[in-house]
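Visitor: Here it is, the structure, as structure tokens.
Since every read-out is calculated from the coordinates, none of them should be taken as a lab result. Since we're looking at a predicted model, the values are computed, not measured. Every residue, glycine among them, receives a Cβ derived from its backbone with ideal geometry; neighbour counts consider all protein chains shown.
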Amino acid sequence: MRARVRAGARGKMRRVKVSNLCVYCGSNPGRLPEYADAARSLARAAVGRGIGLVYGGATVGIMGAVADAALAAGGRVVGVIPQSLVDKELAHRGLSELVVTKSMHERKSVMAERADAFVALPGGVGTLEEIFEMWTWAQLGFHDKPCAMLNVAGYYDDLLRFLDRTVADGFVRSGHREMLVVEETAEALLDRLESYRPTIVAKWVERDQT
């Protein structure tokens, strides 16, 4: 991804216009029906604001729910999926656009380039890895796009408490912790993303101590 902000600078940057939202979410439906319901609510709310979706391109789990809801609402949905998963017949064939990549690394890069903001719905290890990578890139100044979690039914409560611990123990700056947008409803989350102004904070603690 091409860097658009200067690492180490301080202060508020320009507001980020959200035209396309990248959604990371589970390939399984999860135990609670609230997870898929929230995915559908986010999809409909985004389409209602003229925001297109970029996601992992599959038909299964929360991924399928968010794509189907956006399409049913008349929205544009771009799926990005590696050939290995296409071969397993997991690709959604009814999307506005399906991008097939050679690898998972290429998939993540394409999704990052196509989106103006990133949100994690409930999901597993892959979902966490994806949103944490985008958040890390934001900390390093590689992009100025907002990163968020939709905390459905308290799904991310324990993780958020751990993230607060990383700040308390000196591994993460409070300014970087605050970059991660967290809301419990789709409309509140989209409001935050559309009003987001990135704060650029120096990454390395030691530089302030010398």
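Visitor: Given the -39500 (n - 2.57) contribution per DSSP H run of 4+ residues, what per-residue ellipticity at 222 nm results for the chain, rounded to the nearest 500 deg cm²/dmol?
Guide: -12000 deg cm²/dmol
Visitor: Scaled to the compact-protein estimate 2.2 N^0.38 Å, what is the alpha-carbon radius of gyration of region 137-191, rounded to two decimal places?
Guide: Working: Rg = 12.1 Å, N = 55, 2.2 N^0.38 = 10.1 Å.
For region 137-191, the normalised Cα radius of gyration comes out at 1.20.
Visitor: Filter the GluC sites (Glu not before Pro) in region 138-193 down to the DSSP loop ones having no more than 16 other Cβ atoms within 10 Å, then list what survives.
Guide: Of the GluC sites (Glu not before Pro), the ones in loops of region 138-193 whose Cβ has at most 16 other Cβ atoms within 10 Å are Glu184.
Visitor: Okay, next question. Taking every pair of distinct Cα atoms and averaging 1/r, then inverting, what Kirkwood hydrodynamic radius in Å comes out for region 113-210?
Guide: Averaging 1/r across every pair of different Cα atoms and inverting gives 14.1 Å.
Visitor: Pick out, from Cys22, Thr199, Leu53, the residue whose Cα sits farthest towards the positive end of the charge dipole of the chain, with +1 on the Cβ of Lys and Arg and -1 on the Cβ of Asp and Glu.
Guide: Thr199
Visitor: Additional query: What is the sum of charges, Lys and Arg at +1 and Asp and Glu at -1, for the other residues whose Cβ falls under 14 Å from the Cβ of Val99?
Guide: +3
Visitor: So, one more: Just need log10 I(q)/I(0) for region 59-144 at q = 0.11, 0.13, 0.25 Å⁻¹, Debye formula, equal scatterers on the alpha-carbon atoms, no solvent, rounded to two decimals.
Guide: Those come out to -0.32, -0.45, -1.49, one per q.
Visitor: Would you please name the chymotrypsin sites (Phe, Trp or Tyr not before Pro) within region 125-191 that are DSSP coil residues with at most 14 other C-beta atoms within 10 Å of their C-beta? All intermediate terms of the calculation are to be shown ahead of the outcome.
Guide: On the way: sites: Phe132, Trp135, Trp137, Phe142, Tyr155, Tyr156, Phe162, Phe171; in loops: Phe142, Tyr155, Tyr156, Phe171.
The qualifying sites are Phe171.
Visitor: Specify which residue in the list Leu160, Leu190, Ala115 is farthest towards the positive end of the charge dipole of the chain, using unit charges on the beta carbon of Lys, Arg (+1) and Asp, Glu (-1), about the Cα centre.
Guide: Of the options given, the answer is Ala115.
Visitor: Give the shape of region 21-85 as rounded, prolate or oblate, defined through the alpha-carbon gyration tensor: a ≥ b ≥ c are the square roots of its eigenvalues, a/c under 1.5 means rounded, and otherwise the shape is prolate if a/b is larger than b/c and oblate if not.
Guide: Values: a/c = 2.18, a/b = 1.11, b/c = 1.96.
Cα axes put region 21-85 in the oblate bin.
Visitor: Within the chain, count lysine pairs with alpha carbon atoms under 25 angstrom apart where the residues are 8 or more positions apart or belong to different chains.
Guide: 10
Visitor: Per residue and in cubic angstrom, what volume does the convex hull of the Cα atoms of the chain have?
Guide: Cα convex hull per residue, to the nearest whole number: 112 Å³.
Visitor: May I ask for the equivalent-ellipsoid semi-axes of region 118-169, computed as the square root of five times each C-alpha gyration tensor eigenvalue and listed largest first in whole Å?
Guide: Working: eigenvalues 68, 46, 17 Å².
Semi-axes, largest first: 18, 15, 9 Å.
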